[in-house]
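Working notes, beginning with the structure itself.
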Amino acid sequence: MKITGVETIVLRREVKNPVSDSLHTYDAGCTLVTRIFTDEGITGYATTNFGRVKSGPDTVKIIIDREMTPLITGEDPFFARRIRDKLWVGSEYFGTVGVANFAIAAIDIAIWDIVGKALGQPVCKILGGCRDRIPAYAMVGWYYKNGESEYVKHCTDAVEEGFRAVKLKVGRDSLEDDIRRIKAIRNTLGEGFRIMVDANCAFDETEAMRRGRVYEQLGVYWFEEPMQPYMRDSHVRLAAALDIPIAIGENYYTRHQFYDVIKMGAVDIIQPDNRRAGGVTEWMDIGAVSEAAGLKLASHGGGPANVNILCAIPNAIYLESGSLKNENQMLVTQLSMKDGEILLPDAPGMGTEVREDFIKAHRVS
Ligand SMILES: [Mg+2]
């Protein structure tokens, strides 16, 4: 089989009720769809979402169209590692970390989608599956425009939908506000539900230590992104000082950066992001490194691509997800949940094929 061409499509949706974390507001609603065509009529898909950075899809599109498409045209999609190496070399002048990895990841995911479709199996099974479902938590505890009532409602809606764990944003305001937010959800949901908190890099080391101790006392399951990702020594000291697991990874790129922070002892639960980490091929390597180090792994982000990957990684514990009503809008493959776990879709490939009516409704270029 040979790759014959690539098409990249920018989609934009209006975001009517933007949500915020400690430092950012998510008002972009942009997606890049990458389609890779083959001489056997099989088409692979990947989606690259941007909740912020409105020019994000256009930037990745240019990198794929002008720099990477010529490198992969004529390649056999079954040689994913060879293609990854080629793209790495081809982009190292401007890449190695950063937005080039979004492009490499999109191509890698679309290539694995082709492989799965060619073999008639979900990619998880081709990677060597270890489970057919993965526990999911709902990332719904944002800072909302309408404050407390909307915040609590999104969390109770998630539990009604079947989630047994929710993640809350913290760190925008005082520690007292964080405590109020955590207790509001704990008191509403009762025991038996897990609560994680995510500071989105808002703190310095002293403040992360001070707040982390309180989250620990409140029984929070993990403390995510306490500080900026480049503060690696601070993460090492924090992880050593606190019992609450420190979860980081969504802002790290490639197996090399993950290897570094794992080796340093900066993290308890690693959280690769499908776009930044570099796609399926890179994820499998990150999974192996983290398992050998005795760490747990959770995804940053949801959808069928992440489910396929997590179901093939032995030390994976959680899929991050929004409400499935939203997650299922764009793709042909629909995710479903049972007992707090998302089931591996039956669809051959990555489950990343985008609905044609969705493309038509939101296409801008
Ligand atoms: Mg996060």
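The values are calculated or read from the model by the stated rules, or taken from the named source; none is laboratory data. Small disclaimer: the values here were computed from a predicted structure and weren't measured. Neighbour counts are summed over all protein chains in view; Cβ atoms, including those assigned to glycine, are modelled from backbone coordinates with ideal geometry.
Checking the condition within 15 Å of the ligand (Cβ to nearest atom), within 21 Å of residue 151 (Cα to Cα), part of a helix (DSSP H, G or I) and in contact (Cβ under 8 Å) with a residue 40 or more places away in the chain, which residue from 221, 215 passes? Working first, answer last.
Working: 221 fails: part of a helix (DSSP H, G or I).
Only one candidate qualifies: 215.
Starting from the stretch 1-19, keep only residues that are free of Cβ contacts under 8 Å to residues at least 40 places away in the same chain, then list their pairs with residues that are part of a strand (DSSP E or B) and among the charged types (D, E, K, R) whose Cβ atoms are within a distance under 9 Å, requiring at least 6 positions of separation or different chains.
As it stands, the answer is 7/35, since those pairs meet every condition given.
If the Cβ limit is 9 Å and pairs must be 6+ apart or interchain, which residue in the stretch 195-208 that is more than 16 Å from the ligand (Cβ to nearest atom) pairs with which residue that is part of a helix (DSSP H, G or I) and not polar (S, T, N, Q)?
Here the result reads 205/233; 205/235; 205/237; 205/238; 207/175, each pair linking the stretch 195-208 to a residue that is part of a helix (DSSP H, G or I) and not polar (S, T, N, Q).
Take residue 306 and decide whether it is touching a strand residue (DSSP E or B) at 6+ places or on another chain (Cβ under 7 Å) and assigned by TED's automatic domain parsing to the domain that holds residue 230. So that I can check it myself, show each step before the final result.
Working: touching a strand residue (DSSP E or B) at 6+ places or on another chain (Cβ under 7 Å): yes; assigned by TED's automatic domain parsing to the domain that holds residue 230: yes.
It is true that residue 306 is touching a strand residue (DSSP E or B) at 6+ places or on another chain (Cβ under 7 Å) and assigned by TED's automatic domain parsing to the domain that holds residue 230.
Tell me which residues, restricted to the stretch 181-212, are in a helix (DSSP H, G or I), among the hydrophobic types (A, V, I, L, M, F, W, C) and within 21 Å of residue 143 (Cβ to Cβ).
Within the stretch 181-212, 182, 184, 185, 189, 208 meet the criteria.
State yes or no: is residue 313 crowded, with 24+ Cβ neighbours inside 10 Å, within 24 Å of residue 80 (Cα to Cα) and more than 16 Å from the ligand (Cβ to nearest atom)?
yes
Answer with yes or no whether residue 231 is in contact with a Cys (Cβ under 9 Å, 6 or more places away or on another chain), farther than 19 Å from residue 196 by Cα and within 16 Å of the ligand (Cβ to nearest atom).
For residue 231, the condition - in contact with a Cys (Cβ under 9 Å, 6 or more places away or on another chain), farther than 19 Å from residue 196 by Cα and within 16 Å of the ligand (Cβ to nearest atom) - is met.
Which of the residues belonging to the stretch 34-69 are farther than 18 Å from residue 278 by Cβ and either under 16 Å from the mean Cα position of the chain (by Cα) or not assigned by TED's automatic domain parsing to the domain that holds residue 105 (or both)?
51, 52
Specify the residue that is farthest from residue 127 (Cα to Cα); the eligible residues are those in the stretch 262-271 that are surrounded by 20 or more Cβ atoms within 10 Å (Cβ to Cβ) and away from the ligand (no atom under 12 Å from the Cβ).
266
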